[in-house]
Structure formats: structure tokens, C-alpha cells
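See structure below.
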Amino acid sequence: MQPNHVCHGYSKEHLEVAKKKDQDCRALFPRNLYVERLLEKAASLNVLFLNSQVEEQWLYHPEHRALCIWLPDLEAGSLSYLVVMLAHELGHVLDFDARPWYLDAIRDVPWFAAPLEIELSAFVSGFAVLQELDIPITLEQYCQMIEEPMAHLVDQVIRQELSLAAAVERFDHWRRIAS
Ligand SMILES: [Zn+2]
């Protein structure tokens, strides 16, 4: 996507405020080569970092290209955790750009009820971002940072043993059995 096609949906005044917050948030990340690459990737995608208002949640708001991060994680989270979270969120950014119909799927839906496909796909796209940026994390290490049963499905989709649609079906099936 061309940067000049990107609309943040902010007024000029609000954009200045958001840019200041973005700089403040970026400065709070630990200094690390791989974190740096991910932050650069976010900047190249015209994503602004903001502080999350939802406890312990990192959330991407596609309509504002805003990535809201839970600031305490930047101090308390391990480096691997931060790398995986950033990768996952950048996965969302790429997915929403590539699949505009995802926007309709989350309209009027609270963050915790986001469709499974969108979460699963963000992990798949996130791993591709790590590979693109030459960040040395194996698929096994990556999946260790993800909760089950999501981790298992992410692993299978990335290995191309399962399509995204089939993985979503399988998850729904497990959920029905478990409930
Ligand atoms: Zn997500």
C-alpha cells in the first residue's frame, strides 16, 4: 500500500497529538535490534503506536492505523514476548490492508469477540513478518508464545498442513465439543 493512500482518520490537530504519543510509546520499547526492525516495519506501514486503555491488551484499530499497546508489558514482558506481540499486531495491519472485508467483520464487535479467523491469520502473517525481517525465531519458539489450541492451528497453517478455513472449522469444532 502506498503511504500517500493511507488515511488515519484523524484531524490535523489530532494527528499531531497522535504522532507525539507514537514517539513516546516507541521510546519505551527496550533497545534491541529485532524490536527495532519491527518498529521500523510499523513506521513503514504508517502505523501509530498509542497506549492501550484495555488492561493487558494490545489492540490494532485499523480505522485509525493505531496500534494500542499495554505499556506495562514493555517493562515486564520478555523480549520474545514483545517480538511475538509486535509480529502478531503487524500481521493484523497487513491482513486488514490485504482483506478489507475484515473491517466489516469487526464492525460493532467488541475486541474480545473478534472472529477467530482474524486472530489466527494475524499469527500466520506475523510469522511471515519475522521471516521477512530476518528475526531468528523458529516456528516452534513462536508457537510456544501462543495459547493452545490456537498455537497448534497456527503451526499447522504455517506448515501448510491445513488451510486457514480448515483451521477455523477445526477450532469451532473443538469449541463445540468443549462447551
Ligand atoms: Zn490479535
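Which of 123, 29 comes first, and how do the rest follow, when ranked by fewest Cβ neighbours within 10 Å?
29, 123
Which of the peptides 164-172, 53-61 is most tightly packed, and how do the rest follow, going by the mean number of other Cβ atoms within 10 Å of each residue?
Numbers: 164-172: 15.2, 53-61: 13.7.
Going from most to least packed, we get 164-172, 53-61.
What residue among 127, 96, 112 shows peak mean-square fluctuation when the chain is described by a Gaussian network model with Cα springs under 10 Å?
The residue that fluctuates most here is 112.
Put a dot 7 Å past each Cα toward the Cβ at residue 61 and residue 40; how far apart are the dots in nm?
With each label placed 7 Å out from Cα toward Cβ, I get 2.9 nm.
Arrange the following residues from fewest to most other Cβ atoms within 10 Å of their Cβ: 48, 28, 116, 67.
By the 10 Å Cβ count, ascending: 28, 116, 48, 67.
Report the label-to-label distance for residue 144 and residue 79 in nanometres (one decimal), using points 7 Å from each Cα along the Cα→Cβ vector.
According to this spin-label approximation, the distance is 1.5 nm.
Extension gain residue 109-residue 11, at 0.36 nm per residue separation less the Cα-Cα distance, in nm?
32.8 nm
Could you work out the per residue convex hull volume over the alpha carbons of the chain, in cubic angstrom?
Per residue, the Cα convex hull of the chain comes to 129 Å³.
Would you mind ranking 21, 12 by Cβ crowding within 10 Å, fewest neighbours first? Please report the intermediate quantities before stating the final value.
On the way: 21 15, 12 6.
Going from sparsest to densest Cβ surroundings: 12, 21.
Report relative contact order for the range 3-178 in percent, whole number only (criteria: Cα-Cα under 8 Å, sequence separation at least 6). Write out the running numbers ahead of the final one.
Numbers: 187 pairs, mean separation 28.5, N = 176.
Rounded, it is 16 percent for the range 3-178.
Let me know the charge dipole size of the chain about its Cα centre in debye, to the nearest 20, where only the beta-carbon of Lys, Arg (+1) and Asp, Glu (-1) is charged.
Computed about the Cα centre, the dipole is about 340 debye.
Express in % the proportion of alpha carbon pairs of the range 1-96 at distances exceeding 22 Å.
So the portion of pairs separated by more than 22 Å is 22 percent.
Every number in this text was worked out from the coordinates using simple rules, so none of it is lab data. Because the structure is a prediction, the values reported are computed rather than measured. Virtual Cβ from ideal backbone geometry, glycine too; neighbours counted across all protein chains shown.
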